[in-house]
1. Put a dot 7 Å past each Cα toward the Cβ at residue 198 and residue 34; how far apart are the dots in nm?
2. Show which aspartates and glutamates lie in cross-link reach of residue 50 when reach means a straight Cα distance below 15 angstrom and same-chain residues fewer than eight apart are skipped.
3. Based on Cβ point charges of +1 for Lys and Arg and -1 for Asp and Glu, what charge dipole magnitude is obtained for the chain about its Cα centre, in debye rounded to the nearest 20?
4. Near residue 151, which lysines are there with a Cα under 25 Å away, not counting those fewer than 8 places off in the same chain?
5. Can you find, among 248, 26, 271, the residue farthest towards the positive end of the dipole of the chain? Put +1 on the C-beta of Lys and Arg, -1 on that of Asp and Glu.
6. Within the chain, what's the longest stretch lacking chymotrypsin sites (Phe, Trp or Tyr not before Pro) that sit in DSSP loops with no more than 16 other Cβ atoms inside 10 Å?
7. List the residues, sorted by chain then number, that are 5 or more residues from residue 170 or on another chain and whose placed amide H is less than 5 Å from its amide H.
8. With a probe of 1.4 Å, find how much accessible area the chain has per residue, and write the answer as a whole number in Å².
Amino acid sequence: MDFLAGRLKRINPSPTLAMTAKALELKAKGQDIISLSAGEPDFDTPDHVKQAAVEAMAKGMTKYTAVEGMAALRKAIQEKFLRDNHLTFALDEITVGNGAKQVIFNALLATVDQGDEVIIPAPYWVSYPDMVHLCGGTSVIVPCPEADHFKLTAETLEAAITPQTKWLILNSPGNPTGRVYHENELIALAGVLARHPHVYVLCDDIYEYLVYDQTPFTTLAAIAPTLKDRILTVNGVSKAYAMTGWRIGYGAGPKPLITAMTMVQSHSTSNACSLSQAAADGTSPLTSLMQPLACRV
Ligand SMILES: Cc1ncc(COP(=O)(O)O)c(C=O)c1O
């Protein structure tokens, strides 16, 4: 259809959503289906989180909030980063979006120009390349074979970097493989990144609490503090607290990047839903002593 923008030719419908629809269709026909498509916990949002949203509604917290999120929620996120990741961020280095997905999209839209390259280790979450393409960038898919435990190595990273590289997307624990990067592997990647100061790193930590072996979770900004001013650490409540439908994700990184991402969001959705923000802050799941529900086994 000629009416559609050219950029639409560069993207594909989400295969995850197609698989989810197929699973629902087969379930509706009475078949016993276990759907391994959308990454979604199979338990319900905790009651105290729901209660926080009910109370927020009763208190009239139903208006626009700051685009970057309510200060109370950003404070909870700040405390979470310190408690779980030993990372210190100022409040203006944190922004809240409608899910980690929007936070990632904001970051790419704010930074990727035509011709810019984004390194995506494969296997990868299906949305990364399409987001890059929508922003006019080029995705550089780097195969990470099973022999490398589906992980990017220093050598493969070094070989993939060009003068056009803008971002490396690092997703650990990874969708779809569940791979978790060990500290020594991150240190090796950091060594390469130190030699290429034009490359930023988007760490997608959304599955932080879904680690199914003894590997301790760690994130690049924590183990490579000298790279912190070019790392965007993305996380959210979707997977940790079974809150996929509430749409709250967040990003923390250098202030100029966070400010630019917030500006992008200010012209699309504005703030994330006020009630969802209150639920995510609430009594506060992010900082409560309660272990995130999707906890390690
Ligand atoms: C790797 C990865 N990152 C980010 C997201 C987005 O999560 P949300 O937008 O629900 O916070 C998902 C969702 O499936 C994912 O698998």
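1. Placing both labels 7 Å beyond Cα along the Cβ direction yields 4.8 nm.
2. 281
3. 600
4. 101, 166, 228, 239
5. 271
6. Value returned for the longest uninterrupted segment is 65-211.
7. Those qualifying (amide H under 5 Å, at least 5 residues apart or on another chain) are 202, 203, 204.
8. Computed with neighbouring chains in place, this is 48 Å² per residue.
The values are calculated or read from the model by the stated rules, or taken from the named source; none is laboratory data. This is a predicted model, so every value here is computed, not measured. Here the Cβ is made from the backbone with ideal geometry for all residues, glycine too, and neighbour counts use every protein chain on show. Heads up: the accessible areas ignore ligands, DNA and RNA and are worked out on the full protein's heavy atoms, side chains in. Shrake-Rupley method; radii C 1.70, N 1.55, O 1.52, S 1.80 Å.
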